[in-house]
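**Student:** Before I ask anything, let me first share the structure, which is written out below as structure tokens.
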Amino acid sequence: MIENFRHRYSDSFEDTLNIGQLISAGNLTNEETLFLKRVKEAWNFYEGYHWEGMDDLDSPQVTFNYCRPFVNKFVSFEFGKGFSIETPVEIEQDEVTVDDPKLDMVLGDELDGSDDKVIRREKTEGDFLNDVWSDNKKDTLCIEIGQTKSITGEAWVKVQFEDPEDLNDPFEKYPNGRIRLSVVPTQFVFPRFNDHDKDKLEHLLIMYPIRTEKETGILFKRTSTTTVIYKEFWTNSEIVVYEGDKEVDRMENPYGFIPFVQIKNFPVAGRTRGVGDLDDVIPLNVELNTKKSDVSEVIDYHSAPITLVYGAKIGNLEKGANKVWGGLPKDAKVENLGLQGDLTASANYIAETKTAMCEIAGIPETVLGGASAISNTSGVALQYINLPLIERTRIKRNCSTAGLETVNEYILFIAMYHGLIEKPEDISMKDFVSNEVTLPDTLPKDELMELQKIQQEMTLGIECRHGAMERTGKTDIDRKLKEIDAERQEHPELFNPMLQQTWYQNQQSATNAGGMMNGQTPVETVRKEMMGQNGVQTPQ
């Protein structure tokens with residue numbers, strides 16, 4: 001398969017944003033060229049290079065980089081708690097032989113004819129997908145996706161199978177190969193969508209500069225390094241690879257689709273590309289930096305003011321602090337050039353510009369720091385304070401969940417194609433790749449109030465245990481419920497406050513008596529109270 005692009009280019013800022021080579025060598029359209037320039041500008045502002053291309057470089061260059069905290073806040077608010085995956089299909093079973101007789105209560109296993117037990121845990125597609133994401137450093141990958149789409153308007157995720165022969169795997173963790181997920185820098189991706197269907201990807205060009213070495217000279221061999229443009233041209237039927245103008249590989253696309261997924265940041269009707277969070281903020285950040293620089297220049301000017309001398313010659317006057325001048329003419333006058341204007345208007349304008357940035361970006365000013373007296377703020381009030389951020393993030397999450405679900409579909413299909421998993425014969429391909437991604441809410445909540453609310457709903461019969469555990473963020477819920485039911489039978493005193501009190505009283509009595517009552521332990525005494533004569537637990 002094609003070599004992973006992340007091993008081929010330098011991660012330095014200058015290399016990844018050297019768009020001049022791409023523009024000159026890529027035969028790009030005007031729209032694509034403008035897009036590259038916009039991407040470069042957005043990354044410049046995120047990195048703090050706000051004065052690139054400015055004409056007046058002699059004045060102070062004060063940089064207040066609000067673009068970085070804006071993007072980081074959006075990424076944290078959207079992907080702060082990661083995401084969960086739910087799938088309906090079971091793909092395999094794990095079997096482990098153990099000799100612990102207590103485990104049959106937990107997992108409902110049956111004897112296999114010996115004293116040992118065989119634990120059969122059904123493994124779902126969700127388990128496999130979670131393993132793939134964990135293997136690809138899920139949290140870091142989510143941050144890369146969030147940053148890329150927030151800055152450039154979209155993120156591209158590549159789903160790739162890595163053959164065992166191509167892996168550096170000294171610990172043999174991947175004897176059958178692995179699924180690799182990677183975020184392609186947006187400035188390297190040039191998609192072409194159908195003219196009649198903007199969501200149908202017809203072909204995709206991946207293009208970026210790489211360094212190649214070649215030997216020169218006849219008598220004395222020397223190695224020279226040059227930069228060429230590496231290209232991958234993907235269609236549903238074939239893959240073509242170029243280095244410069246030379247075709248180096250051509251192969252059939254085995255999947256029948258292009259394994260790249262576009263995740264938009266904020267969709268716009270009729271457009272194939274998304275909108276970044278910095279598109280409307282950058283002009284205001286420029287204005288803020290410019291005015292801050294002007295104020296800084298005024299302050300610097302008057303911190304070392306010019307001395308004005310009227311009606312006298314200054315040739316013999318000593319300059320410096322703690323100097324006394326005498327013998328000046330009668331009508332002479334000496335004064336420092338003072339600040340005649342008022343900087344209050346400038347300060348107010350700067351504050352209004354910052355407020356406008358927060359309003360347009362959808363970031364409340366209190367979120368960036370400085371908020372006070374929020375300990376007694378109710379959950380509803382906190383929701384309203386952060387409502388602009390919540391509303392914008394809700395739309396961003398809709399795009400992210402749809403894109404991540406497509407990534408999961410590609411993972412399952414490619415894994416099945418290369419034999420990493422098997423599709424049950426009685427399951428259709430549609431059901432096999434079906435999955436649901438959920439991004440949990442990251443807004444702080446009062447957990448105790450939430451639990452009380454859930455408890456009341458369960459008492460009223462409008463909520464079940466499965467739904468309650470979902471709302472509290474639990475994972476592997478079905479297995480957890482089985483363990484709870486088994487432990488309820490094994491230790492009923494832990495689930496009933498009255499029995500807990502009885503258990504402690506019996507334990508104290510047994511301790512004081514210096515032995516067990518009637519040969520029974522306190523736990524057995526409590527269990528006997530819970531069970532009928534036939535050994536069935538009485539309802540509580």
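The values are calculated or read from the model by the stated rules, or taken from the named source; none is laboratory data. As the structure is a computational prediction, the values presented were derived from the model and not from experiment. Neighbour counts run over all protein chains shown; Cβ positions are idealised from the backbone, glycine included. Ligands, DNA and RNA are excluded from the accessible area calculation, which covers all protein heavy atoms including side chains. Shrake-Rupley method; radii C 1.70, N 1.55, O 1.52, S 1.80 Å.
**Student:** If I ignore ligands, DNA and RNA and count only protein heavy atoms, how much of H418 is accessible to a 1.4 Å probe, in Å² to the nearest 10?
**Tutor:** 60
**Student:** Separate question: Quote the FRET efficiency, to the nearest 0.05, computed for K81 versus R222 with a Förster distance R0 of 56 Å and r equal to the Cβ-Cβ distance.
**Tutor:** The computed FRET efficiency comes out at 0.55.
**Student:** Considering just Cα atoms, how many Å³ per residue does the convex hull of the range 389-467 enclose?
**Tutor:** For the range 389-467, the hull spanned by Cα atoms encloses 158 Å³ per residue.
**Student:** Note down the nm distance, to one decimal, between modelled labels 7 Å out along Cα→Cβ at I484 and at R394.
**Tutor:** It is 2.9 nm.
**Student:** Then there is this: Report the dimensions of the range 205-305 along its three principal axes from the alpha-carbon atoms, largest first, rounded to Å.
**Tutor:** Result, largest extent first: 69, 57, 15 Å.
**Student:** Also, quick follow-up: Determine by what factor the alpha-carbon radius of gyration of the range 348-495 differs from 2.2 N^0.38 Å, reporting the quotient.
**Tutor:** The range 348-495 yields a ratio of 1.52.
**Student:** Then there's this: Calculate the FRET efficiency for E436 and L387 from the Cβ-Cβ distance with a Förster distance of 25 Å, rounded to the nearest 0.05.
**Tutor:** Efficiency computed from Cβ-Cβ geometry: 0.40.
**Student:** In Å, what Rg and Dmax follow from the Cα atoms of the range 166-217?
**Tutor:** Answer for the range 166-217, Rg first and Dmax second: 18.3, 54 Å.
**Student:** Sticking with this one: I477 to W325: extension gain in nm, 0.36 nm per residue of separation minus the Cα-Cα distance?
**Tutor:** Gain on stretching I477 to W325: 46.0 nm.
**Student:** Using 1/(1 + (r/R0)^6) with R0 = 30 angstrom and r between the beta carbons of Q61 and T307, what's the FRET efficiency to the nearest 0.05?
**Tutor:** After rounding to 0.05, the efficiency reads 0.60.
**Student:** Chymotrypsin sites (Phe, Trp or Tyr not before Pro), restricted to the range 162-265: which are DSSP loop and have at most 16 other Cβ atoms within 10 Å?
**Tutor:** Sites meeting the loop and neighbour criteria: F171, F220, Y255, F257.
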